[in-house]
Each structure stands twice: as structure tokens, then as C-alpha cells.
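Chemist: If you scroll down you'll find the structure; I have some questions about it.
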Amino acid sequence: MAKTSLDKSKIKILLLEGVHQSAVDNLLNAGYTNIEHLPTSLDEATLIEKISDVHFIGIRSRTQLNERVFEAAEKLVAVGCFCIGTNQVDLDAALVRGIPVFNAPFSNTRSVAELVLAEAIMLLRGIPEKSHRAHQGGWLKSAKNSHEARGKTLGIIGYGSIGSQLSVLSESLGFDVIYYDVVTKLAMGNARQVASLEELLARADVVSLHVPDLASTRWMIGEAEIALMKPDSILINASRGSVVVIEALAEALEAGRLAGAAVDVFPVEPKGNEEEFVSPLRGLANVILTPHIGGSTLEAQENIGIEVSEKLVTYSDNGTTVSSVNFPEVALPAHPGKHRLLHIHDNVPGVLSEINRVLSENDINILGQYLQTNERIGYVVIDVDKDYGTRALDALSQVSHTKRVRVLYSESSFQG
Ligand SMILES: NC(=O)c1ccc[n+]([C@@H]2O[C@H](COP(=O)([O-])OP(=O)(O)OC[C@H]3O[C@@H](n4cnc5c(N)ncnc54)[C@H](O)[C@@H]3O)[C@@H](O)[C@H]2O)c1
Ligand SMILES: O=C(O)[C@H](O)COP(=O)(O)O
């Protein structure tokens, strides 16, 4: 069980994968000076070695935070995913250790939607092949297999933030939009939800995937699904590499069943820019291959840096967990002049009454108390008088089923 009360300058923050400088600036402005900022992800062995004294880690989609990494992360307080997807993090392993995980659920939505729309137009015109030929000195001037977007049907699979944003943008260009989602979703503009994946695949001229990586979405587009797509239609995947069986897509493109594809995410992606990219899609005409850059615009990255670092700072300074993807959500007021205790425990009956009993036995008056639970853990936040912070920390660490206790000193203590 971890018991923590640290001065900000001792809180170690590790930022990987070239998280934008806006995050570093934000953390420094908030008084967090012990920051290591690396441009790449780390392999598991290096990460395990490095993470043992880290309190906050910031990653993007490449860094795998699995059970073994969490096991070594003895001091880890919270994780920031400076991206949308959180499938690279074992959220349960974090939860059972009392570690909240935050992300940026909307900051790169627009960047992905714009890229996909541009790709749909390029593929409908056969531009990748024509451009490639021209680079080689060829001249493929022809209207064959070249189409306007106007009046074509765009089928969106997964009508969440990105899918619905794409819907709005593409409709304004004249696409007819249909979408499939496991949840009934409000249609944007004139878009229409269809009842099944099969119906969408059979009707769309361009199919674009925008689902998260879940057990239910893994390999959801394989040989059978591609066979349902219209001849000469187009497939775009900027969601996760686990969603499409890449060999089946390559076969369909080689056989001329599909007119083209754009793929930004792959089952296996290079660890860094120096590693070779290997894929059965390499060298195929009218296929746009991009190195997982759907969200990689300067605008998105700067916003993500600010958003996620703010969430980490707010949790560290104040205990607020709003918008955490794995943790009970608590919105907390500031606590000037008081010390705040964060108590994370197994969600079993009796813990709250034991907390209150030990505080009462130690003559510690409770000035404020907040509780939220999920099916696995309980999160109790208790404000006490400034004189009792350390005593309360010791008392709460004795409570049965405690996973972790932290004390956040009032702001004046940090400055002193
Ligand atoms: N290429 C990139 O750089 C990039 C950038 C951002 C996000 N992404 C990926 O895109 C995904 C989607 O992002 P988002 O912000 O739109 O997520 P979101 O959670 O807002 O939307 C996902 C939608 O998919 C739906 N869904 C879930 N399972 C489904 C299924 N089996 N069939 C159909 N629909 C299903 C959900 O109900 C939801 O509406 C992310 O999870 C991430 O993996 C990639
Ligand atoms: O989940 C996401 O937001 C995207 O996949 C982008 O990931 P990245 O930050 O590693 O580019």
C-alpha cells in the first residue's frame, strides 16, 4: 500500500513519445519542475527500469502500459494518454492499483476527420496511382474509375466523435452519409443510421472505420465482410490496426475487388521512425499508406498537451478525477487552508465507516468528505484541518482494504 505526501519539486514526471511542449510548459507553470521529456516510446525492459521512481507518466498510442509495467511502477500516481485511444493501457491493472488514467477524448477528432475526407476524395479520383505514375515519368490521363464525391454514399462504422464529425464535413461536400453503430446515435444533418454492418457494407461506395479497439471490434472487417462491399468501393481505416484483417484487404485490392484503400493504423507498427514499416499493402496501386498520423497535426498536439497536462495537474493538486477513463469520477472544490486526503480502497462494505472511526479516534475533525465508487474501487476524499495532515495520513493508511493514501497539502504548505 502506497502512502504519499510529496513536495511538487519531488514529483517525477516522465513524458514519452514526443508529447507536445505545451504539456511541459503547463506542468512547469503549475510548479512541477522534475520532468523528463523523451521523443520516443521505450521498450518494455527500459520502461520497467525507468518507471520505478516515476509519479506521473505521459504517453501516446505506442507505449504499452501492461501488468508487468504497472507491477514495477511502485510510485505511479496517474497516467496521461496524450491521445484518444487508451487500448495501449491495461486499465484494469491501473485501477486495482488506484491509478487513474486520463486521455484527450476530442482534441484530435477534427484532424482525423479532415484526413479521412481528403483521402476519400483522392481515392475516388485514383490519385495515388496517377501521382505515382507521374513521379515515375508516366502520364495516366484518363477519367476511367474516376468519380466525384457528390452523390456517392459514405458508410461510417462507429458514429462517435470522429465518425459524426466526418459525417458533417462529408455531407457538406455532397456525400450521402449512412452509418452503423452499436448504440443508437443522433444523426447529423441528413445522415441515416442503418440497422446492420452488412447493410452498410452493401450500400456504401466508401467505407470508413471509426471504432475503438475492443474485443468486439477486433478483426471486424475480414474476408467475409470485404466480400459484402460493393465492387470497386473503397475502404478507409484510421481507427486501430486490430480492426481490419490486413491480409484480406491486400488480397481484395490485388484481385481488383476494391478500387482503393487508405490505411493509417496497422496490426504491427514500427516502434519509431527509424524502424522499417512492413505490410502486405506496400506497393499496391491506389492505396494511401500513412504512419499513424491521423491525429498528428500541430493544432491537435498542442491542444492535447494542454488538455491532458491540465487533467494531471488538477488530479495532483486537488484530487479531481473528472473524465478519467477508468476511475470513479469526483469533481472537487479548491481546499485553501485545509489538507486533503485521498483514500483509494477496495469497494467492499465497511471501509467508509472504518475511515471515519479511525479519524474520530485520532481526534481529527472532518471538514469535508466526498465519495465515489465503481465496481472495483472506492475513492474517498477528506479535508481536514492543516494541523492534522500527517496524523490523518498515518491513521488512514491503517484502514483495512486500503490501496493507496495521499495527502495534498494546502497551497501555502507547497509554497513554504
Ligand atoms: N489514426 C489516428 O491517429 C487516430 C486518432 C484518434 C483516434 N483514433 C481511433 O479512433 C477511435 C474512435 O475515436 P472516437 O473519438 O470517434 O471514439 P468514440 O468513442 O467517440 O466513438 C466510437 C464509436 O464506435 C462505436 N462502436 C463501438 N463498438 C462498435 C462496433 N462493434 N460496431 C460499431 N460501432 C461501434 C461506439 O458506440 C462509438 O459511437 C479511437 O478509439 C482511436 O482508436 C485514431
Ligand atoms: O488514439 C489516438 O488519439 C490516435 O491513435 C493518435 O495516437 P498518437 O498520439 O500516438 O498519434
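Chemist: Let me cross-check R218: its accessible surface, 1.4 Å probe, with only protein heavy atoms counted, in Å² to the nearest 10?
Modeler: Ignoring ligands and nucleic acids, R218 comes out at about 110 Å².
Chemist: Would you mind counting up the charge near K152? Only other residues with Cβ under 12 Å from its Cβ, with Lys and Arg at +1 and Asp and Glu at -1.
Modeler: Numbers: positive: R125, R150, R203, K230; negative: E148, E171, D176, D205, D232.
Overall, the nearby charge balance is -1.
Chemist: While we're here: If you line up the long axis of helix 351-361 against the longest principal axis of the chain, both from Cα atoms, how many degrees apart are they, to the nearest 10?
Modeler: 30
Chemist: Now, a different point. Calculate how many DSSP beta bridges within the chain are antiparallel, expressed in % of all such bridges and rounded to the nearest 5.
Modeler: On the way: 22 of 62 bridges.
The antiparallel proportion sits near 35 percent.
Chemist: What's the Cα-based Rg to Rh of the range 36-75, Rh via Kirkwood? Each step should come with its number before you reach the end.
Modeler: Working: Rg = 9.3 Å, Rh = 10.3 Å.
Using Cα coordinates only, the ratio equals 0.90.
Chemist: Could you bin all the Cα-Cα distances of the range 103-237 into 5 Å bins starting at 0 and give me the percent of pairs in each, rounded to whole numbers?
Modeler: The percentages, shortest bin first, are 2, 10, 20, 22, 19, 13, 8, 4, 2, 0, 0.
Chemist: List the relative contact order of the chain as a percent without decimals, with contacts defined as Cα pairs under 8 Å and 6+ residues apart.
Modeler: Values: 861 pairs, mean separation 67.3, N = 416.
Normalised by residue count, the contact order of the chain is 16 percent.
Chemist: Additional query: Take the solvent-accessible surface of the protein heavy atoms, probe 1.4 Å, and return the percent of it on the range 92-234 that carbon and sulfur atoms account for.
Modeler: Details: 3860 of 7010 Å².
That fraction is 55 percent.
Chemist: Between N66 and N273, what FRET efficiency follows from the Cβ-Cβ distance if R0 is 25 Å, with the result rounded to 0.05? Walk me through the intermediate numbers first.
Modeler: On the way: r = 23 Å, r/R0 = 0.94.
About 0.60, to the nearest 0.05.
Chemist: Have a look at the range 347-388 and give its Rg and Dmax from the Cα atoms, expressed in angstrom.
Modeler: Computed over the Cα atoms of the range 347-388, radius of gyration and Dmax are 11.2, 34 Å.
Chemist: So what does F56 come to for accessible area, using a 1.4 Å probe and Å² rounded to 10?
Modeler: Accessible area, nearest 10 Å²: 10 Å².
Chemist: Related question: For the range 1-137, report the % of Cα-Cα distances exceeding 17 Å. Please list the in-between numbers first.
Modeler: On the way: 6090 of 9316 pairs.
Above the 17 Å cut-off, the range 1-137 has 65 percent of its Cα pairs.
Chemist: If DNA, RNA and ligands are ignored and the probe is 1.4 Å, what is the ranking of S131, S167 by accessible area, most exposed first?
Modeler: On the way: S131 50, S167 0 Å².
Sorted descending by solvent-accessible area, the residues read S131, S167.
Chemist: What whole-number distance in Å separates the alpha-carbon centres of the range 217-259 and the range 24-103?
Modeler: For the range 217-259 versus the range 24-103, the Cα centre distance is 34 Å.
Chemist: Highest first, please rank the peptides 71-84, 240-253, 220-233 by the mean number of other Cβ atoms sitting within 10 Å of their residues. List each step's numbers first, then the result.
Modeler: On the way: 71-84: 21.8, 240-253: 19.9, 220-233: 16.6.
Those peptides, ordered most packed to least, come out 71-84, 240-253, 220-233.
Chemist: So what's the angle, to the nearest 10 degrees on a 0 to 90 scale, between helix 109-124 and the longest Cα principal axis of the chain?
Modeler: 10
Chemist: Quick one: helix 161-172 against the long Cα principal axis of the chain, what's the angle to the nearest 10°, folded into 0 to 90?
Modeler: 40
Chemist: Write down the Kirkwood hydrodynamic radius of the chain, to one decimal in angstroms, obtained as one divided by the mean of 1/r over all alpha carbon pairs.
Modeler: Numbers: mean 1/r = 0.0424 Å⁻¹.
After inverting the mean inverse Cα-Cα distance, the result is 23.6 Å.
Chemist: Considering only protein heavy atoms, what per residue accessible area in square angstrom results for the chain with a 1.4 angstrom probe?
Modeler: Numbers: 18820 Å² over 416 residues.
On a per-residue basis, 45 Å².
Chemist: Also, I was wondering about something else. Compute the normalised compactness of the range 301-384: alpha-carbon radius of gyration over 2.2 N^0.38 Å, N being the residue count. Kindly include the intermediate steps, with their values, before the conclusion.
Modeler: Numbers: Rg = 14.5 Å, N = 84, 2.2 N^0.38 = 11.8 Å.
So the Cα radius of gyration is 1.22 times the expected 2.2 N^0.38 Å.
The values are calculated or read from the model by the stated rules, or taken from the named source; none is laboratory data. All figures in this text were calculated on a predicted structure; none of them were measured in a lab. Heads up, the Cβs are rebuilt from the backbone with ideal geometry, glycines too, and the neighbour counts pull from every protein chain shown. Side chains included, ligands, DNA and RNA excluded: accessible areas come from the protein's heavy atoms. Shrake-Rupley method; radii C 1.70, N 1.55, O 1.52, S 1.80 Å.
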